[in-house]
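The structure appears below as structure tokens.
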């Protein structure tokens, strides 16, 4: 056996390194963390600017062209601010909660296809993983509010969990609508199915509406900003966070917005799809920007619900509607 | 959602729902308010004492600064009191100008309230729109009086500035714009489901309680009781102007909103009528500096309700004693009644529902419950007390 | 949902916000800004300083030789001084950007020769 083990080893190592470097770049830079952070800041700007224009205001104006760097400036300013840990707080949880809150949406975003119809990490059942991550985010929120031992924080975190009980089941139900249609629990396959057939928003408009409402609740946007209702409980579960921790929480919130809009885009709008000469990434960006604008429009035209009204409303109307959507799909409509 | 334990939740003195410092301690069982203890006095500025140290002319501007929003109501009340002491008859044109300014102020104060109420229930877009359109009134004020908030229009014996013929078309134009917008907002308030969800049946104040707890102004009128100083005890030119007293019988926040929205529309009608039928003539009469000895109580319907000023003069150029009873103070017991049994989430909107103006309200008086004694510190006593410490 | 039409309409309108330090509104004709003394007309009667509710006007000396110090930081722009002046020597100007970090810069001195 005249195999040159040293040469094989060298070859393997060489290939491994280049592959490792490529995947490292993909994880850390594009379309991984750095790209997602940039996207998070960009969508915060889109949200703020669009929301302001709906209210006949300018929104961010002076930092960068049309204030596009304002979210980044806010982030950097918060990083430099004093970080206060309340004396009575559960220090470990209090310090870890913002990190988790940032890491969870970031990790989850890797299963969503961005560059091309197949995501960076794709496996059968990643849709369930995304829904699970949404639950984990709320549990982090609960821990963040609870560990700060503040009256407003406690009330806010309790409200967050109560709210989750309301929207999680309808959201889970309708999210399986696209999965049934594409006959797969993988988001990449759902995207692929849509590029061969129709966009699912055309087939399941009811599911799209319910999913958007549930995402509003998940993102704690008006009318469901109950856990951080400013005029009622100051900043809710975020009351005691300051400085670096608050910066992480804000970035985490922005990433959650990216995740929500990316989910809308991939489940209902066809995700990153090649149109003629337009590359998939552009299609993805256009669709997610549309989703962000839709969410900001909705948060502009409502008053805040009370927690009991919100819960009973979701259980009374949204859950039956979500069930109806699934029945419709099973009956052969919209699948 | 009750979990058996009662949490004490402080509201204020610093809280996003309260624009001014005041403290309310709520006892909360889950999301239900079971007890509320108001603690007033954070905004005490010693204004009544300051009245005694200034001349009658200077006090006009001091009275104006009791409150930034209803500044005209306070000066009207003050000048009315002093005019009664002096036994001065106002020129007819001045009385009409006072009505116009008072009603413009009512529009701007109520519009401000609608915006704040929208903000309290998380409806920031409506808040932005209402406040944007409220600027129209402020611009009119700037044109008429030279300032947006502190108009300084009233003086003892009349008003300081005339409303010229050139201003009238501009005012009419502004009113037309406002009328259209206000009707639109009235429709929004009545049709937007999320607003109705948060306002119907919230902060109930039954008519009987409203009377017993001495509620005033729109808070009282929203409980279906017709009570308005403008029609009950007319001052300025209100006896010559036809207008309706708006009441609603819903007893809740929605009724308070509707009362205020419709009062704004009524105010527009009053201003139009007053501009039409304003008599020509002088706008002020000269008055002596010294005010004869006497006591007087003057009442005005401020945007927030009945405002009472009391003055006692001793024949010099400065009042001997001055007392202000602002509508917010009269509404505090009714407010506590409204809050009991409500949700934590409803606290801000119920608090805002009486249109509180704590700067108006906070005065100083000492009450010793054990000895059943009430007294007021004089300046000398205060100096002596704090010199020791 | 009642507001959705109105909200979408705003997208095609110019925002109502004023970009304040860059854009300024003109003030109306009879605006009550910083009072300005015309010392040629002033006879030093002291009425303005006596009547001022906030004590913003200080008289130095008496009669025709009097000088006037006006503390803008105390002034509340009621215009009572301009109204009471027998010689119409005080004019309410259109200046309104009067804040400063240094209180001494907010003192305006009016001397007889100026």
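Bear in mind these aren't lab numbers, they're just calculated from the coordinates by the rules spelled out. This structure is a prediction, so every number in the text was calculated from the model and none was measured. Cβ placement follows ideal geometry from the backbone for every residue including glycine, while neighbour counts extend to all protein chains displayed.
Which distance in Å, rounded to a whole number, links the C-alpha centroids of region A:275-328 and region B:5-56? Measuring centre to centre over Cα atoms gives 40 Å. Share of pairwise Cα-Cα distances greater than 34 Å in chain B is 30 percent (whole percent). Peptide C:80-90 has a mean of 1 when you count, residue by residue, the C-beta atoms of other protein chains within 10 Å of its C-beta. A protection proxy built from the mean count of other Cβ atoms within 10 Å ranks the segments C:36-46, A:42-52, A:248-258, C:10-20, most packed first, as A:248-258, A:42-52, C:36-46, C:10-20. A crude spin-label estimate for the pair residue B:231 and residue C:109, with each label 7 Å from Cα along the Cβ direction, gives 6.2 nm.
Exposure proxy for C:108, B:164: other Cβ atoms within 10 Å of each Cβ, ordered fewest to most, give B:164, C:108. The order of the peptides B:147-154, A:282-289, B:310-317, A:229-236 by mean Cβ neighbours within 10 Å, most packed first, is A:229-236, B:147-154, A:282-289, B:310-317. Per-residue shielding of B:191-198, expressed as the average number of other chain Cβ atoms within 10 Å of the residue Cβ, stands at 6. The mean number of Cβ atoms from other chains found within 10 Å of a Cβ in peptide B:178-188 is 1, as a whole number. Round to the nearest 0.05 the FRET efficiency obtained for residue A:128 and residue A:196 when R0 = 22 Å and r is the Cβ-Cβ distance. Result of the calculation: an efficiency of 0.45. When restricted to Cα atoms, region A:31-334 yields an Rg and a Dmax of 18.9, 60 Å, respectively. With a Förster radius of 41 Å applied to the beta-carbon distance between residue B:191 and residue A:24, the computed FRET efficiency rounds to 0.15. For residue B:139 and residue A:165, the FRET efficiency from 1/(1 + (r/R0)^6), where r spans their Cβ atoms and R0 equals 51 Å, is about 0.55.
Using Cα centres only, tell me the gap between region A:170-227 and region A:241-264 in whole Å. Going from one Cα centre to the other spans 21 Å. The shape of region A:1-109 comes out oblate: with a ≥ b ≥ c from the C-alpha gyration tensor, a/c is at least 1.5 while a/b does not beat b/c. Taking every DSSP helix (H) stretch of at least 4 residues in the protein assembly as shown, weighting each as -39,500 (n - 2.57) and dividing the sum by the residue count yields a mean residue ellipticity at 222 nm of -16500 deg cm²/dmol. From most to least packed by mean Cβ count within 10 Å, the peptides A:199-209, A:314-324 give A:199-209, A:314-324. Centre-to-centre, using Cα atoms only, region A:128-154 and region B:251-323 are separated by 54 Å. Once you sort the root eigenvalues of the Cα gyration tensor of region B:1-155 as a ≥ b ≥ c, which label holds: rounded (a/c under 1.5), prolate (a/b larger than b/c) or oblate (the other case)? Oblate.
Fewest-first ordering of A:276, A:193 by other beta carbons within 10 Å of each residue's beta carbon gives A:276, A:193. Modelled spin-label separation between residue A:68 and residue B:340, with each label point placed 7 Å from Cα along the Cα-to-Cβ direction: 5.9 nm. Compute the Cα gyration tensor for the protein assembly as shown, then decide on rounded, prolate or oblate, letting a ≥ b ≥ c be the square roots of its eigenvalues: rounded whenever a/c is under 1.5, prolate when a/b is larger than b/c in the other cases, and oblate in all that remain. Prolate, since a/c reaches 1.5 and a/b exceeds b/c.
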